[in-house]
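The values are calculated or read from the model by the stated rules, or taken from the named source; none is laboratory data. Owing to the predicted nature of the structure, the values given are computational and were not obtained by experimental measurement. Positions of Cβ are backbone-derived with ideal geometry, glycine not excepted, and every protein chain shown enters the neighbour counts. Side chains are part of the model used for accessible areas, which takes the heavy atoms of the whole protein and leaves out ligands, DNA and RNA. Shrake-Rupley method; radii C 1.70, N 1.55, O 1.52, S 1.80 Å.
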Amino acid sequence: MRIALAGLATSHPYTDARTLRADPATELVVWEPDPERLDRFRAEQPDAVVVPDLGALLATAPDGVVLTVPTSGVPEALARILDRKLPCFVNKPAAATRDQLGRLESVVTRAPELVLTSSVLRFAPAFAAFEVPREEVLAVRATVRHDVGLWATGYNPWQDEPTVGGGTLVMMGLHGVELLVALLGPAVRLVGAAATVRRHRGLRSEDTGLLAVQWDDGVPGTVEVLGVSQGEAYEVTVHTAAGERRVVLRGGADELGYRATVDAFLDMVRGAPSPVSWAQTRAVLEILTSARALA
């Protein structure tokens, strides 16, 4: 099996590559325009085949593609991948602004069964096993703890730029929104958003945010985005009349869902449709892009 890594713009494809190479029969082909990021990848994956551009990558006839480029470039790159009828996993976020979402949707609707884009947390084993009967749900809350102080040093500035990667509200908020949509479904809308800088001066975006959402049946929800944190953890709390039900996600790649996400993508490579419908993905991105515009 040959898997193409189109871009190394975040930390995720490095983890994806380690997971993919757990099967020695998997061959990796990679394209990344930044020489430092490519050198880091070569050091970790010396057997990977390196090519100079996306066209050359697709010319190697891969069986599937992991796409990780700055968010503003996702629609155009994905269109070229879908032209080849290749299954594609797009590392988050696939859209950060309303314009990006419009361009992305026009591409994805060509072949939604070939596109998976999601927070890996949706596939985390502890979350996959977490269930609360819908009729018991009074309200829900997701809390995202992931420090973004590195961005204040100038690292990966496109992620921190609201008009490109969406900043903390989108980049980190996606995890919380994804979990709530996975739990309660896509019939949900944004009802409020706020963002501020509390600690990491020099950011282009924010280090703290809040999104308020509501499902069509009236269930309210909140997503707390805490980009000032001494550790990485993700929590979903469901309020019921009997009390709180909670799941906390932390730990390594397996616990956070990276391996299960790659497994879901490989199922697509073998012919299965995307396990996350475009309706769910669009609901997540609609909330995030609306929050970005509001905040």
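Here the dipole of segment 219-295 is about 160 debye; that uses its Cα centre as origin and unit charges on the Cβ of Lys and Arg (positive) and Asp and Glu (negative). Can you tell me how segment 190-295 classifies by the Cα gyration tensor, rounded, prolate or oblate, using a/c under 1.5 as the rounded cut? Taking the square roots of the gyration eigenvalues as a ≥ b ≥ c, segment 190-295 is rounded.
Which shape class, rounded, prolate or oblate, goes with the chain when its Cα gyration tensor gives a ≥ b ≥ c as root eigenvalues, a/c under 1.5 marks rounded, and past that a/b bigger than b/c marks prolate? Prolate is the answer for the chain, as a/c is 1.5 or above and a/b outweighs b/c. Among the GluC sites (Glu not before Pro) in segment 82-173, those located in a DSSP loop and surrounded by at most 11 other Cβ atoms within 10 Å of their own Cβ are GLU131.
Within the chain, what percent of beta bridges assigned by DSSP are antiparallel, to the nearest 5? Roughly 55 percent of the beta bridges in the chain run antiparallel, per DSSP.
Relative to the longest principal axis of the Cα atoms of the chain, the long axis of helix 173-184 lies at roughly 70 degrees.
Computed about its Cα centre, the charge dipole of segment 50-175 is approximately 80 debye, with only Lys, Arg, Asp and Glu carrying charge at their Cβ.
Dipole size of the chain about its Cα centre, with +1 on Lys/Arg Cβ and -1 on Asp/Glu Cβ: approximately 300 debye, rounded to the nearest 20. For the chain, build the charge dipole from Cβ charges (+1 Lys, Arg; -1 Asp, Glu) around the Cα centre, then report which of VAL49, THR289, PRO275 sits farthest towards its positive end. With unit charges placed on the Cβ atoms, the residue in question is THR289. Our coupling estimate for segment 115-126, obtained by passing each phi through the Karplus curve with A = 6.51, B = -1.76, C = 1.60 and θ = phi - 60°, is 10, 10, 9, 6, 5, 5, 5, 4, 9, 4, x, 5 Hz, Gly and Pro reported as x. State whether segment 1-142 is rounded, prolate or oblate according to the following rule on the C-alpha gyration tensor (a ≥ b ≥ c being the square roots of its eigenvalues): a/c under 1.5 gives rounded; otherwise a/b larger than b/c gives prolate, and the remaining case gives oblate. Note, shape of segment 1-142 comes out prolate.
Structure remark: mean-square fluctuation, Gaussian network model of the chain, C-alpha springs under 10 Å; the largest value among LEU184, LEU150, LEU174 belongs to LEU150. Applying a DSSP loop filter and a limit of 12 other Cβ atoms within 10 Å to the trypsin sites (Lys or Arg not before Pro) in segment 187-295 leaves ARG198, ARG201, ARG270. On a per residue basis, the chain carries 41 Å² of accessible surface, using protein heavy atoms and a 1.4 Å probe.
Loop-located trypsin sites (Lys or Arg not before Pro) in segment 85-135 (DSSP state not H, G, I, E or B) with no more than 11 neighbouring Cβ atoms inside 10 Å: LYS85.
Taking the centroid of alpha carbons for each part, segment 171-247 and segment 110-163 are 9 Å apart. Considering only VAL132, ALA193, LEU8, and ranking their Cα positions along the charge dipole of the chain that arises from unit charges at the beta-carbon of Lys, Arg, Asp and Glu, the one farthest toward the positive end is ALA193.
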